[in-house]
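**Student:** Structure incoming, see below.
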Amino acid sequence: MASVTLEHLTKTYPNGFISVNDVSLHIEDGEFVIFHGPSGCGKSTILRMIGGLEDITSGEIYLGKDLLNDILPRDRRLAMAFQNYTLYRHFNAYDNMALGLRLRDLPRAVIDSRVKMAAKFFGITGVLDKKIKSLSETDKQRVALGRAIVCQPKVLLVDEDFARQNDKRRMEMLGDILEINETLGITVLYVTNDEQEALALNKKVIFMKDGIITDIR
Ligand code: ADP
Ligand code: MG
């Protein structure tokens, strides 16, 4: 688990547009924080820079005491739950969850125990041998989250387009993510432009507009 610190974080696109403008922020180890603000205010850009999907123009990002700027995305100990949770439809749930661990060459027994633990955590043990294409959307979502946590990330990044599809599934997903935060102690950064949702969660909300933080409540 780890804290996340942003220091004067800035993203300027090649056309000169400043999407994130000198943002400094400290998120405690184990915290659940919500980034909220209108579409286009820079929320996803911050998440993408933390995740390493986007270059940082200037400023620093720390995970605990480690400077993330120069660490390759796959070595960052972060998990991301973004829009298209790219599960392999023709593979079963187990193999989808095991994939990242196999790429890291972990021993088979370790992979097996981690996948089974994550499956138990999300209540999807019964569908581990089922192909993704035959699963309900809720179970697919849980496989995607399971795949994220088997790598034992210190921080989970969730963008609002993850499970945008309908309110019921969104609530289930939020319940799962709150449980990840509370039970496993993983720091969560959650992005939403839905103000009701942001406030209903009863967690710290970081309000953004035009690339800057306007309020923290
Ligand atoms: P949010 O997630 O808050 O809706 P984003 O972080 O996705 O906002 O985008 C912030 C701003 O950066 C938007 O105004 C968007 O149009 C702009 N932007 C994103 N990518 C580029 C790019 N490649 N070039 C120029 N501007 C971009
Ligand atoms: Mg966005």
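What follows is calculated from the coordinates using simple rules that are stated; it is not laboratory data. Keep in mind that this is a model prediction, so the values were computed, not measured. Cβ coordinates were reconstructed from backbone atoms using ideal geometry, including for glycine residues, and neighbour counts include every protein chain displayed.
**Student:** Provide the per-residue ³J(HN,Hα) series for segment 3-13, in order, calculated from phi with Karplus coefficients 6.51, -1.76, 1.60 and θ = phi - 60°, each as a whole number of Hz, with x at glycine and proline positions.
**Tutor:** Using θ = phi - 60°, the values come out as 7, 10, 10, 10, 10, 6, 5, 9, 10, 10, 7 Hz.
**Student:** Can you tell me what percent of all Cα-Cα pairs in segment 8-157 are more than 19 Å apart?
**Tutor:** On the way: 6578 of 11175 pairs.
Summing the P(r) tail past 19 Å for segment 8-157 gives 59 percent.
**Student:** Continuing with this model, one more query. Grab every C-alpha pair in segment 87-217, bin the distances at 10 angstrom width from 0 up to the longest one, and report whole percents.
**Tutor:** Calculated P(r), rounded to whole percents: 11, 39, 32, 14, 4.
**Student:** A further question on this structure: Return the sequence-ordered ³J(HN,Hα) values of segment 134-144 in whole Hz as given by the Karplus equation 6.51 cos²θ - 1.76 cosθ + 1.60 applied to θ = phi - 60°, using x for Gly and Pro.
**Tutor:** For segment 134-144, the Karplus-derived couplings read 9, 8, 5, 4, 4, 5, 4, 4, 6, 5, 5 Hz, x marking Gly and Pro.
**Student:** A 27 angstrom limit on the alpha carbon distance is what I want to check against. Which of LYS120/LYS204; LYS43/LYS168; LYS120/LYS168 exceed it? Display every interim value, and only then the final one.
**Tutor:** Numbers: LYS120/LYS204 29 Å; LYS43/LYS168 24 Å; LYS120/LYS168 22 Å.
Long pairs (Cα-Cα over 27 Å): LYS120/LYS204.
**Student:** If the viscosity is 1.306 mPa s and the temperature 10 °C, what translational diffusion coefficient in µm²/s does Stokes-Einstein give for segment 65-151 when Rh comes from Kirkwood over Cα pairs? Intermediate results must be reported in sequence, preceding the final value.
**Tutor:** Numbers: Rh = 13.5 Å.
The calculation lands on 118 µm²/s.
**Student:** Suppose R0 equals 25 Å; then what is the FRET efficiency for LYS116 and ASP70 from their Cβ-Cβ distance, rounded to the nearest 0.05? Could you put the intermediate results ahead of the total?
**Tutor:** Values: r = 35 Å, r/R0 = 1.41.
E(calc), rounded to 0.05, equals 0.10.
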